[in-house]
Amino acid sequence: MTHWKDILQDSITTATELAQHFSVDSTPLEHVLATYPMRINSYYLKLIHSVDDPLWKQAVPDPAELCDTVCMEDPLGEENLSPVPNLVHKYPDRVLFLIHSECAMYCRFCTRKRKVGTARMQINEKSIGLGLQYIQEHPAIREVLLSGGDPLLLSDQRLDDILCRLRAIPSVEVIRIGTRVPCSLPMRVTKDLAKILKKHHPLYINTHFNHPRELTAEAEKACTRLADAGIPLGCQSVLLKGVNDTHKTLGKLFTGLLRLRVKPYYLFQTDLTRGTDHFRTHTSTGIAIMRKLIGNISGMAVPTFALDAPGGNGKIPLTPDYITRSGTDLEFLNYLNKACTYPENGDPI
Ligand SMILES: *Cc1c(COP(=O)(O)O)cnc(C)c1O
Ligand code: SF4
(Lines give C-alpha, C1' and ligand atoms only; values in the text may rest on other atoms or scores of the structure.)
(Ligands and ions follow the chains in the order given, each with its own letter.)
Protein backbone atom coordinates (compact mmCIF):
# COMPACT_ATOMS: atom_id res chain seq x y z
CA MET A 1 0.00 0.00 0.00
CA THR A 2 1.20 3.50 -0.77
CA HIS A 3 2.57 5.28 2.26
CA TRP A 4 0.43 8.18 3.49
CA LYS A 5 3.34 10.57 3.11
CA ASP A 6 3.56 9.73 -0.60
CA ILE A 7 -0.18 10.30 -1.03
CA LEU A 8 0.19 13.67 0.68
CA GLN A 9 3.21 14.48 -1.45
CA ASP A 10 1.11 13.66 -4.51
CA SER A 11 -1.23 16.63 -3.98
CA ILE A 12 -2.64 19.19 -6.34
CA THR A 13 -1.59 22.62 -5.10
CA THR A 14 -1.59 24.81 -8.22
CA ALA A 15 -4.25 25.90 -10.70
CA THR A 16 -2.23 24.43 -13.57
CA GLU A 17 -2.21 20.99 -11.94
CA LEU A 18 -5.94 21.22 -11.35
CA ALA A 19 -6.53 22.10 -15.01
CA GLN A 20 -4.71 18.90 -15.97
CA HIS A 21 -7.44 16.88 -14.22
CA PHE A 22 -10.60 18.91 -14.82
CA SER A 23 -11.73 21.39 -17.42
CA VAL A 24 -11.51 24.62 -15.46
CA ASP A 25 -10.41 28.15 -16.13
CA SER A 26 -7.23 28.36 -14.08
CA THR A 27 -6.70 32.15 -14.11
CA PRO A 28 -9.41 33.11 -11.53
CA LEU A 29 -8.22 30.24 -9.33
CA GLU A 30 -4.69 31.57 -9.35
CA HIS A 31 -5.95 34.78 -7.74
CA VAL A 32 -7.63 32.81 -4.95
CA LEU A 33 -4.51 30.71 -4.40
CA ALA A 34 -2.45 33.85 -3.87
CA THR A 35 -4.48 34.34 -0.66
CA TYR A 36 -5.73 30.89 0.39
CA PRO A 37 -3.83 27.65 -0.21
CA MET A 38 -5.19 24.55 -1.95
CA ARG A 39 -4.13 20.99 -1.26
CA ILE A 40 -6.04 18.08 -2.76
CA ASN A 41 -4.20 14.85 -2.12
CA SER A 42 -4.51 11.96 -4.55
CA TYR A 43 -6.88 10.03 -2.24
CA TYR A 44 -9.43 12.83 -1.92
CA LEU A 45 -9.03 13.73 -5.60
CA LYS A 46 -10.33 10.28 -6.54
CA LEU A 47 -13.50 10.90 -4.52
CA ILE A 48 -14.40 13.90 -6.69
CA HIS A 49 -16.62 12.70 -9.54
CA SER A 50 -17.24 15.95 -11.38
CA VAL A 51 -16.82 19.70 -11.36
CA ASP A 52 -19.07 21.28 -8.72
CA ASP A 53 -20.06 18.05 -6.98
CA PRO A 54 -20.23 18.15 -3.15
CA LEU A 55 -16.63 16.97 -2.73
CA TRP A 56 -15.31 19.35 -5.36
CA LYS A 57 -16.97 22.23 -3.55
CA GLN A 58 -15.18 21.36 -0.31
CA ALA A 59 -11.75 21.07 -1.91
CA VAL A 60 -11.50 23.34 -4.96
CA PRO A 61 -11.15 27.13 -4.61
CA ASP A 62 -14.00 29.32 -5.80
CA PRO A 63 -13.48 32.92 -7.00
CA ALA A 64 -16.32 33.79 -4.56
CA GLU A 65 -13.76 33.38 -1.76
CA LEU A 66 -12.31 36.76 -2.70
CA CYS A 67 -15.68 38.53 -3.07
CA ASP A 68 -16.81 38.08 0.52
CA THR A 69 -17.22 41.55 1.99
CA VAL A 70 -19.43 40.71 4.98
CA CYS A 71 -17.45 38.21 6.96
CA MET A 72 -14.53 38.52 9.37
CA GLU A 73 -11.01 37.14 9.42
CA ASP A 74 -11.34 35.80 12.96
CA PRO A 75 -15.07 35.51 13.65
CA LEU A 76 -14.67 33.53 16.87
CA GLY A 77 -12.28 36.10 18.34
CA GLU A 78 -9.70 33.36 18.82
CA GLU A 79 -6.67 35.63 18.70
CA ASN A 80 -8.13 37.80 21.51
CA LEU A 81 -8.80 34.71 23.60
CA SER A 82 -5.25 33.41 23.23
CA PRO A 83 -3.14 33.98 26.35
CA VAL A 84 -0.21 32.45 24.44
CA PRO A 85 -0.05 32.02 20.65
CA ASN A 86 -2.13 29.11 19.28
CA LEU A 87 -3.90 28.32 22.53
CA VAL A 88 -7.51 29.48 22.90
CA HIS A 89 -8.90 29.61 26.42
CA LYS A 90 -12.61 30.37 26.10
CA TYR A 91 -14.33 28.03 28.54
CA PRO A 92 -13.37 27.56 32.20
CA ASP A 93 -12.36 23.89 32.11
CA ARG A 94 -10.97 23.29 28.63
CA VAL A 95 -8.62 24.82 26.08
CA LEU A 96 -8.10 24.56 22.36
CA PHE A 97 -4.43 23.96 21.61
CA LEU A 98 -3.29 24.28 17.99
CA ILE A 99 -0.29 22.03 17.44
CA HIS A 100 0.08 21.81 13.66
CA SER A 101 -0.44 24.30 10.84
CA GLU A 102 -1.03 21.91 7.94
CA CYS A 103 -3.92 19.71 6.81
CA ALA A 104 -4.25 16.78 4.42
CA MET A 105 -6.59 18.99 2.38
CA TYR A 106 -7.49 22.64 2.76
CA CYS A 107 -11.24 22.85 3.20
CA ARG A 108 -12.56 25.94 1.47
CA PHE A 109 -14.92 26.67 4.38
CA CYS A 110 -12.28 26.37 7.12
CA THR A 111 -13.01 28.58 10.12
CA ARG A 112 -9.28 29.21 10.56
CA LYS A 113 -8.86 30.10 6.88
CA ARG A 114 -6.98 33.23 7.93
CA LYS A 115 -3.95 31.17 8.86
CA VAL A 116 -4.21 27.40 8.33
CA GLY A 117 -1.66 26.21 5.78
CA THR A 118 0.02 29.60 5.50
CA ALA A 119 3.11 31.27 6.95
CA ARG A 120 0.78 33.20 9.26
CA MET A 121 0.37 30.10 11.41
CA GLN A 122 3.63 29.83 13.29
CA ILE A 123 3.84 26.67 15.36
CA ASN A 124 7.20 25.56 16.64
CA GLU A 125 8.83 24.02 19.68
CA LYS A 126 8.67 27.38 21.44
CA SER A 127 4.91 27.88 20.93
CA ILE A 128 4.23 24.27 21.94
CA GLY A 129 6.34 24.76 25.07
CA LEU A 130 4.48 27.95 25.99
CA GLY A 131 1.13 26.23 25.51
CA LEU A 132 2.11 23.29 27.71
CA GLN A 133 3.41 25.68 30.36
CA TYR A 134 0.11 27.63 30.32
CA ILE A 135 -1.87 24.40 30.78
CA GLN A 136 0.40 23.35 33.63
CA GLU A 137 -0.04 26.70 35.37
CA HIS A 138 -3.85 26.57 35.09
CA PRO A 139 -5.05 23.43 36.87
CA ALA A 140 -8.71 24.34 36.23
CA ILE A 141 -8.08 23.06 32.68
CA ARG A 142 -9.19 19.45 32.79
CA GLU A 143 -9.56 18.89 29.06
CA VAL A 144 -7.24 19.78 26.20
CA LEU A 145 -8.47 19.84 22.61
CA LEU A 146 -5.63 19.37 20.18
CA SER A 147 -6.33 20.85 16.78
CA GLY A 148 -4.74 22.99 14.11
CA GLY A 149 -4.40 22.41 11.23
CA ASP A 150 -4.44 18.70 11.72
CA PRO A 151 -2.55 17.16 14.67
CA LEU A 152 -2.49 13.74 12.99
CA LEU A 153 -0.27 15.07 10.22
CA LEU A 154 2.55 15.33 12.74
CA SER A 155 5.03 12.47 12.71
CA ASP A 156 4.34 9.60 15.10
CA GLN A 157 7.30 10.61 17.20
CA ARG A 158 6.38 14.29 17.45
CA LEU A 159 2.77 13.51 18.33
CA ASP A 160 3.80 10.96 20.96
CA ASP A 161 6.19 13.51 22.47
CA ILE A 162 3.46 16.18 22.79
CA LEU A 163 0.96 13.66 24.20
CA CYS A 164 3.52 12.43 26.77
CA ARG A 165 4.23 15.98 27.91
CA LEU A 166 0.49 16.69 28.21
CA ARG A 167 -0.07 13.48 30.16
CA ALA A 168 2.71 14.51 32.57
CA ILE A 169 0.42 17.36 33.73
CA PRO A 170 -1.73 15.80 36.47
CA SER A 171 -4.66 18.26 36.11
CA VAL A 172 -5.23 17.22 32.48
CA GLU A 173 -7.89 14.51 32.64
CA VAL A 174 -9.10 14.21 29.07
CA ILE A 175 -7.34 14.70 25.74
CA ARG A 176 -9.44 15.31 22.67
CA ILE A 177 -8.00 15.38 19.15
CA GLY A 178 -9.77 17.16 16.30
CA THR A 179 -8.72 15.69 12.97
CA ARG A 180 -10.06 15.39 9.45
CA VAL A 181 -7.54 12.70 8.57
CA PRO A 182 -9.98 9.73 8.80
CA CYS A 183 -11.93 11.52 6.02
CA SER A 184 -9.26 13.28 3.99
CA LEU A 185 -6.28 10.89 4.32
CA PRO A 186 -7.43 7.71 6.08
CA MET A 187 -4.16 5.88 5.31
CA ARG A 188 -2.53 8.09 7.93
CA VAL A 189 -4.30 6.01 10.57
CA THR A 190 -1.65 3.31 10.70
CA LYS A 191 -1.31 0.50 13.22
CA ASP A 192 1.63 2.37 14.76
CA LEU A 193 -0.44 5.54 15.15
CA ALA A 194 -3.24 3.63 16.88
CA LYS A 195 -0.67 2.07 19.22
CA ILE A 196 0.68 5.50 20.18
CA LEU A 197 -2.74 7.07 20.74
CA LYS A 198 -3.83 4.13 22.87
CA LYS A 199 -1.11 4.90 25.43
CA HIS A 200 -2.67 8.24 26.29
CA HIS A 201 -6.21 7.35 27.36
CA PRO A 202 -8.68 8.79 28.16
CA LEU A 203 -8.29 10.12 24.63
CA TYR A 204 -11.18 11.04 22.36
CA ILE A 205 -11.13 11.84 18.67
CA ASN A 206 -13.57 14.09 16.90
CA THR A 207 -13.29 13.72 13.19
CA HIS A 208 -14.96 15.65 10.39
CA PHE A 209 -17.02 14.14 7.56
CA ASN A 210 -19.51 16.25 5.62
CA HIS A 211 -20.90 13.98 2.92
CA PRO A 212 -21.91 10.29 2.73
CA ARG A 213 -19.60 9.78 -0.28
CA GLU A 214 -16.67 10.40 2.08
CA LEU A 215 -17.58 7.20 3.97
CA THR A 216 -15.34 4.94 1.90
CA ALA A 217 -13.86 1.52 2.66
CA GLU A 218 -10.58 3.29 3.55
CA ALA A 219 -12.37 5.66 5.93
CA GLU A 220 -14.12 2.70 7.52
CA LYS A 221 -10.79 0.96 8.05
CA ALA A 222 -9.33 4.06 9.71
CA CYS A 223 -12.33 4.49 12.03
CA THR A 224 -12.36 0.79 12.90
CA ARG A 225 -8.68 0.91 13.80
CA LEU A 226 -9.20 3.90 16.10
CA ALA A 227 -12.35 2.46 17.69
CA ASP A 228 -10.56 -0.87 18.24
CA ALA A 229 -7.86 1.09 20.08
CA GLY A 230 -10.59 2.08 22.53
CA ILE A 231 -10.89 5.64 21.27
CA PRO A 232 -14.44 7.02 21.37
CA LEU A 233 -15.08 8.68 18.01
CA GLY A 234 -17.24 11.72 17.36
CA CYS A 235 -17.87 13.77 14.25
CA GLN A 236 -18.15 17.52 13.82
CA SER A 237 -19.77 18.29 10.49
CA VAL A 238 -20.45 21.66 8.93
CA LEU A 239 -23.72 22.53 7.22
CA LEU A 240 -22.68 23.69 3.75
CA LYS A 241 -24.83 25.12 0.99
CA GLY A 242 -24.74 22.90 -2.10
CA VAL A 243 -22.79 20.19 -0.26
CA ASN A 244 -25.00 18.67 2.43
CA ASP A 245 -27.91 21.04 3.09
CA THR A 246 -30.74 18.49 2.81
CA HIS A 247 -32.15 16.07 5.39
CA LYS A 248 -31.64 13.17 2.97
CA THR A 249 -27.89 13.78 2.59
CA LEU A 250 -27.32 14.45 6.27
CA GLY A 251 -29.50 11.51 7.37
CA LYS A 252 -27.39 9.24 5.18
CA LEU A 253 -24.17 10.77 6.52
CA PHE A 254 -25.15 10.49 10.19
CA THR A 255 -26.49 6.94 10.02
CA GLY A 256 -23.44 5.95 7.94
CA LEU A 257 -21.13 7.41 10.56
CA LEU A 258 -22.90 5.51 13.32
CA ARG A 259 -22.29 2.28 11.39
CA LEU A 260 -18.56 3.17 11.41
CA ARG A 261 -18.78 3.58 15.22
CA VAL A 262 -18.55 7.36 14.92
CA LYS A 263 -21.11 9.30 16.97
CA PRO A 264 -22.27 12.50 15.23
CA TYR A 265 -21.48 15.18 17.84
CA TYR A 266 -22.01 18.63 16.31
CA LEU A 267 -23.49 19.91 13.08
CA PHE A 268 -22.19 23.45 12.81
CA GLN A 269 -23.81 26.45 11.27
CA THR A 270 -21.09 27.98 9.07
CA ASP A 271 -19.01 30.54 10.96
CA LEU A 272 -18.83 34.11 9.68
CA THR A 273 -15.35 33.48 8.30
CA ARG A 274 -14.16 35.73 5.51
CA GLY A 275 -14.00 33.82 2.24
CA THR A 276 -16.72 31.30 3.15
CA ASP A 277 -19.94 33.31 2.78
CA HIS A 278 -20.99 31.36 -0.33
CA PHE A 279 -21.36 28.24 1.84
CA ARG A 280 -23.63 29.80 4.43
CA THR A 281 -27.25 28.72 4.82
CA HIS A 282 -29.90 30.50 6.90
CA THR A 283 -30.12 29.04 10.41
CA SER A 284 -33.75 28.07 9.67
CA THR A 285 -32.47 25.58 7.04
CA GLY A 286 -30.49 23.68 9.66
CA ILE A 287 -33.31 23.78 12.21
CA ALA A 288 -35.76 22.42 9.60
CA ILE A 289 -33.32 19.62 8.75
CA MET A 290 -32.97 18.71 12.44
CA ARG A 291 -36.78 18.68 12.76
CA LYS A 292 -36.89 16.05 9.99
CA LEU A 293 -34.10 13.93 11.45
CA ILE A 294 -34.98 13.82 15.15
CA GLY A 295 -37.14 10.75 15.81
CA ASN A 296 -36.85 9.52 12.24
CA ILE A 297 -33.27 8.25 12.58
CA SER A 298 -31.56 6.73 15.60
CA GLY A 299 -31.10 9.22 18.41
CA MET A 300 -27.49 8.03 18.51
CA ALA A 301 -27.05 9.39 14.98
CA VAL A 302 -28.42 12.86 15.71
CA PRO A 303 -25.83 15.56 16.47
CA THR A 304 -26.45 18.89 18.16
CA PHE A 305 -26.98 21.61 15.58
CA ALA A 306 -25.05 24.61 16.90
CA LEU A 307 -23.54 27.89 15.99
CA ASP A 308 -20.34 29.26 17.40
CA ALA A 309 -21.31 32.75 18.51
CA PRO A 310 -19.25 35.55 16.96
CA GLY A 311 -16.62 37.17 19.14
CA GLY A 312 -15.87 34.08 21.21
CA ASN A 313 -19.24 33.91 22.94
CA GLY A 314 -19.38 30.14 22.82
CA LYS A 315 -21.39 27.41 21.16
CA ILE A 316 -25.15 27.85 21.10
CA PRO A 317 -27.41 24.86 20.36
CA LEU A 318 -30.11 25.56 17.80
CA THR A 319 -32.96 23.15 18.50
CA PRO A 320 -36.34 22.84 16.79
CA ASP A 321 -39.13 24.15 18.96
CA TYR A 322 -41.67 21.42 19.80
CA ILE A 323 -43.63 23.23 22.49
CA THR A 324 -46.91 24.82 21.43
CA ARG A 325 -48.19 25.77 24.91
CA SER A 326 -46.91 25.61 28.45
CA GLY A 327 -48.85 25.98 31.69
CA THR A 328 -50.81 23.34 33.62
CA ASP A 329 -50.38 21.03 30.66
CA LEU A 330 -47.44 21.09 28.32
CA GLU A 331 -48.62 20.91 24.73
CA PHE A 332 -46.24 19.94 22.02
CA LEU A 333 -45.87 18.35 18.61
CA ASN A 334 -44.14 14.99 18.30
CA TYR A 335 -41.71 13.94 15.56
CA LEU A 336 -44.68 13.15 13.26
CA ASN A 337 -46.16 16.60 13.91
CA LYS A 338 -48.97 15.10 15.99
CA ALA A 339 -50.26 17.32 18.81
CA CYS A 340 -49.59 15.74 22.24
CA THR A 341 -49.97 16.73 25.89
CA TYR A 342 -48.00 16.12 29.07
CA PRO A 343 -49.96 16.86 32.26
CA GLU A 344 -47.59 18.76 34.57
CA ASN A 345 -49.61 17.77 37.69
CA GLY A 346 -49.55 14.10 36.77
CA ASP A 347 -53.30 13.74 36.26
CA PRO A 348 -54.11 11.58 33.27
CA ILE A 349 -55.81 13.53 30.51
C1 LIG B 1 -15.51 24.45 20.46
C2 LIG B 1 -14.52 24.84 21.44
C3 LIG B 1 -14.32 24.05 22.58
C4 LIG B 1 -15.07 22.76 22.84
O5 LIG B 1 -16.41 22.93 23.06
P6 LIG B 1 -17.30 21.63 23.37
O7 LIG B 1 -18.70 22.16 23.40
O8 LIG B 1 -16.81 21.07 24.67
O9 LIG B 1 -17.08 20.67 22.25
C10 LIG B 1 -13.38 24.46 23.48
N11 LIG B 1 -12.66 25.60 23.30
C12 LIG B 1 -12.86 26.38 22.23
C13 LIG B 1 -12.04 27.61 22.09
C14 LIG B 1 -13.78 26.02 21.26
O15 LIG B 1 -13.93 26.79 20.17
S1 SF4 C 1 -9.17 19.94 8.11
FE2 SF4 C 1 -10.07 21.36 9.60
S3 SF4 C 1 -8.44 22.84 10.06
FE4 SF4 C 1 -7.88 21.77 8.17
S5 SF4 C 1 -8.64 23.05 6.50
FE6 SF4 C 1 -10.22 21.51 6.96
S7 SF4 C 1 -11.59 22.54 8.42
FE8 SF4 C 1 -9.64 23.71 8.40
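The values are calculated or read from the model by the stated rules, or taken from the named source; none is laboratory data. Everything quoted here is computed from the prediction, not taken from an experiment. Here Cβ is always computed from backbone atoms with ideal geometry, including for glycine, and neighbour counts include all displayed protein chains.
Laid out as a table, the results:
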item	result
Unmet criterion (only one of (1) among the charged types (D, E, K, R); (2) outside the structural domain of Phe268 (by TED's automatic domain parsing); (3) touching a residue at least 40 places away in the same chain (Cβ under 8 Å)) for Lys90	(2)
Residue within segment 97-118 that is in the same structural domain as Asp74 (by TED's automatic domain parsing), over 18 Å from the mean Cα position of the chain (by Cα) and not aliphatic (A, V, I, L, M) present	yes
Lone qualifier among Asp271, Asp228, Asp277 - being surrounded by fewer than 17 Cβ atoms within 10 Å (Cβ to Cβ), on the phi < 0 side of the Ramachandran plot, acidic (Asp, Glu) and in the same structural domain as Met187 (by TED's automatic domain parsing)	Asp228
Residues satisfying the stated conditions in segment 16-47, i.e. without any contact (Cβ under 8 Å) to a residue 24 or more places away in the chain and not charged (D, E, K, R)	Thr16, Ala19, Gln20, Ser26, Thr27, Ala34
Residue list for segment 81-134, filter: more than 14 Å from ligand 2 (Cβ to nearest atom) and in contact with a Ser or Thr (Cβ under 8 Å, 6 or more places away or on another chain)	Val84, Pro85, His89, Gln122
Inter-residue pairs, beta-carbon under 6 Å, first within 25 Å of Ala64 (Cα to Cα) and in segment 230-242, second within 16 Å of ligand 2 (Cβ to nearest atom) and among the basic types (Lys, Arg), 6+ apart	Gly242/Lys57
Evaluation of Gly131 against (1) in a helix (DSSP H, G or I); (2) more than 16 Å from ligand 1 (Cβ to nearest atom) (one fails), failing number	(2)
Total residues in segment 71-83, condition crowded, with 17+ Cβ neighbours inside 10 Å and either within 19 Å of Leu166 (Cα to Cα) or among the aromatic types (Phe, Trp, Tyr) (or both)	1
So Arg325, is it touching a residue at least 24 places away in the same chain (Cβ under 8 Å) and of a type in the set (Lys, Arg)	no
Extreme residue, nearest to ligand 1 (Cβ to nearest atom), among residues of segment 159-187 that are more than 19 Å from Val84 (Cβ to Cβ) and either surrounded by fewer than 17 Cβ atoms within 10 Å (Cβ to Cβ) or without any contact (Cβ under 8 Å) to a residue 24 or more places away in the chain (or both)	Val174
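Condition check ((1) over 19 Å from the mean Cα position of the chain (by Cα); (2) under 18 Å from Thr255 (Cα atoms)) across all residues:
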| residue | (1), (2) |
| --- | --- |
| Pro170 | yes, no |
| Ile175 | no, no |
| Pro186 | no, no |
| Ile196 | yes, no |
| Ala222 | no, yes |
